[in-house]
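Throughout, read-outs are computed from the coordinates displayed, never taken from laboratory work. Note that the coordinates shown come from a computational prediction; the quantities given were computed from them, not determined experimentally. Reconstructed Cβ throughout: ideal geometry from the backbone, glycine too, with neighbour counts over all protein chains shown.
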Amino acid sequence: MPRIDKALREAHRVLKRGGRFQALEFSHVDLPGLDKVYDAYSFNVIPAIGRMVTGDAQPYRYLVESIREFPNAERFRTMIEAAGFARASYERLTGGVVCIHSGWKL
């Protein structure tokens with residue numbers, strides 16, 4: 001999603017009052033030690049599996065790189081608020097590998 005702010009504003013626009021926005025996003029690992037293991041896995045294993053399954057590792061390298069460029073959980077929460085959502089929050093799962101983000105349209 002190259003224009004995150006625009007996508008969040010559009011989500012806010014189309015939701016009915018009282019609707020809830022939720023997004024499950026890969027995030028930045030917040031457990032010391034796991035971050036190094038996850039980086040090694042992400043940059044080495046995921047593209048290799050992609051090559052085995054599809055014959056092309058490049059889209060999987062792009063996926064891993066795009067995850068690294070995505071805002072961290074707190075920054076994304078502030079972007080959700082800036083788009084007009086109330087009670088923006090997130091829940092880290094699996095040591096921060098993924099986060100569930102949410103906000104309400106009041």
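Compute the angle between helix 58-69 and the longest alpha-carbon principal axis of the chain, please, reported from 0 to 90 degrees and rounded to the nearest 10.
On a 0 to 90 degree scale, this one is about 50.
Can you compute 3J(HN,Hα) from phi for each residue in segment 28-33, using the Karplus curve 6.51 cos²θ - 1.76 cosθ + 1.60 with θ = phi - 60°, rounded to whole Hz and x for Gly and Pro?
Once rounded to whole Hz, the list reads 9, 4, 10, 9, x, x.
Modelling each spin label as a point 7 Å along the Cα-to-Cβ direction, I'd like the D56/R13 distance in nm, to one decimal.
3.2
Using θ = phi - 60° and the Karplus curve 6.51 cos²θ - 1.76 cosθ + 1.60, what whole-Hz ³J(HN,Hα) does each residue of segment 95-101 get, with Gly and Pro shown as x?
Rounded to whole hertz, the list is x, x, 4, 10, 9, 9, 9.
Just to be sure I understand, if you calculate Cα extents along the principal axes in Å for this structure, which of (i) 46, 31, 17; (ii) 43, 34, 31; (iii) 61, 28, 25 do you get?
Structure-derived value, by its label: (i).
List the lysines whose alpha-carbon lies under 25 Å from that of K6, not counting same-chain residues fewer than 8 positions away?
Excluding near neighbours in sequence, the set is K16, K105.
Could you size up the charge dipole of the chain around its Cα centre, putting +1 on the beta carbon of Lys and Arg and -1 on that of Asp and Glu, and report it in debye to the nearest 20?
600
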